[in-house]
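Trainee: Please read through the structure below; I'll follow up with questions.
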Amino acid sequence: MASRFGQTGAVLQVIEIGDAEDPRLADYTQLTDISLRTSLEAEHGLFIAEGSKVIGRAVQAGYPVRSLLLARSRRGDVAALSEQAARSGPADPGGQDAPVYVVPDDVAERLTGYRVHRGALASLRRTPLPPVTAVLAPASRIVVLEDLVDHGNVGAIFRCAAALGIDAVILSPRCADPLYRRSVKVSMGAVFAIPYARMAGWYDGLAELRAAGFTLLALTPDEEATLIGHALGALAGPGPGTARAALLLGTEGDGLSSRWLREADTAVRIPMSPRARAAGVDSLNVVAAAAIACNLLATEAIVK
């Protein structure tokens with residue numbers, strides 16, 4: 001059986017496999033093992049997307065398909081995948097065949113390490129990340145993530161940034177991979193919708209942003225910090241044009257490093273209600289804080 005994947009792209013060749021040890025399935029081995037997957041995906045330059053909608057968004061963003069995996073109970077999804085891909089454009093500019101491996105449900109679970117219940121999985125080829133300067137050039141509102149290690153949080157922040165009109169995301173060198181399966185899944189494909197780049201170095205990484213004309217706003221729960229709305233309002237000036245602002249978000253729990261807090265132009269905070277403070281709630285988790293701050297960053301009129 002074969003289905004057209006994209007209007008002029010690869011053909012989906014459906015191949016039945018009954019053995020989880022089959023080497024053709026190597027891209028999908030133990031998807032829940034972070035250390036194993038990090039090594040394997042870096043070595044082979046691939047990442048995994050899950051669900052036909054997310055796969056379609058990855059294809060539309062220009063990531064070539066290596067193969068797809070379906071549990072036998074979801075074999076009917078081949079038609080939906082073909083339709084989704086046809087709307088997205090060609091999967092592989094080389095027009096090579098993209099195999100669809102169909103396996104028994106228990107084999108899929110044994111292979112991946114979890115119950116595959118969202119339809120198809122796709123192995124896609126990574127493309128080179130652009131340099132930070134290229135991502136900054138057209139942007140005026142960006143989010144900068146320092147050492148976030150939870151892939152779900154990274155994916156959720158990408159989803160917030162894309163939904164709320166942020167222009168780009170910049171990652172510190174040790175920040176979690178946005179193309180790791182959980183990041184992609186939680187973001188619902190938003191990691192494909194917003195430009196991002198990774199700093200070459202952490203120690204002087206913020207200097208590149210300042211050189212590009214960005215005002216650095218460090219988000220913190222510190223009560224001495226400036227209210228974020230006031231800080232954004234203060235960026236307006238008498239001259240023409242739009243101020244460029246970078247929102248710095250720190251790692252889960254500890255927040256931003258002392259170095260990045262010192263290097264920021266302004267430490268900013270989200271106001272908490274007196275009732276919350278009285279109950280000992282002095283901050284939000286990083287995803288909730290990012291959503292509120294991104295909304296303010298994108299909607300506040302910072303026209304100079």
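Trainee: If the chain between Asp254 and Thr299 were fully stretched, how many nm would it gain, using 0.36 nm times the residue separation less the Cα-Cα distance?
Mentor: Numbers: separation 45, 0.36 × 45 = 16.20 nm, distance 2.79 nm.
Full extension of this stretch gives 13.4 nm more.
Trainee: Taking amide H positions as placed 1.01 Å from N in the peptide plane, with prolines and chain starts having none, which residues 5 or more places from Leu46, or on another chain, fall under 5 Å of its amide H?
Mentor: Arg126
Trainee: Once all Cα-Cα distances of region 132-299 are split into 10 Å bins that start at 0, what whole-number percent is in each one?
Mentor: Percent of pairs per bin, in order: 11, 42, 37, 10, 1.
Trainee: Please list, ordered by chain and number, the residues whose modelled amide H lies under 5 Å from the amide H of Arg174; skip anything fewer than 5 residues away on the same chain.
Mentor: Placed amide hydrogens put Asp147 under 5 Å from Arg174.
Trainee: Given the Cα-Cα distance of Arg125 and Ala207 and 0.36 nm per residue of separation, how much length would full extension add, in nm? Show your work: numbers first, answer last.
Mentor: Details: separation 82, 0.36 × 82 = 29.52 nm, distance 3.18 nm.
Stretched out fully, the Arg125 to Ala207 stretch lengthens by 26.3 nm.
Trainee: For a quick protection proxy, order the peptides 138-149, 283-294 by their average other-Cβ count within 10 Å, most packed first. Before the final figure, lay out the partial values.
Mentor: Details: 138-149: 21.2, 283-294: 19.2.
Highest to lowest by the protection proxy: 138-149, 283-294.
Trainee: Then there's this: For every other residue with a beta carbon closer than 11 angstrom to the beta carbon of Asp105, add +1 if it is Lys or Arg and -1 if Asp or Glu, then tell me the sum.
Mentor: Values: positive: Arg72, Arg74, Arg75, Arg110, Arg115; negative: Asp106, Glu109.
Computed value for this residue: +3.
Trainee: Listed highest first by mean packing, meaning other Cβ atoms within 10 Å per residue, what order do 67-74, 104-111 come in? Intermediate values should be presented prior to the final figure.
Mentor: Details: 67-74: 20.9, 104-111: 17.9.
The densest-packed peptide leads the list: 67-74, 104-111.
Trainee: Note down the nm distance, to one decimal, between modelled labels 7 Å out along Cα→Cβ at Thr32 and at Val149.
Mentor: 2.1
Trainee: While we're looking at this one, here's another question. Taking the Cα centre of region 116-184 as origin and charging only Cβ (+1 Lys, Arg; -1 Asp, Glu), how large is the dipole, in debye to the nearest 20? Intermediate values should be presented prior to the final figure.
Mentor: Numbers: 8 positive and 5 negative charges, 68 e Å.
In debye, rounded to 20, region 116-184 gives about 320.
Readers should treat all values here as calculations from the given coordinates under stated rules, not as data from a laboratory. Since the model is a prediction, treat every value here as computed from it, not as a measurement. No Cβ is skipped: glycine too gets one built from the backbone with ideal geometry, and neighbour counts run over all protein chains shown.
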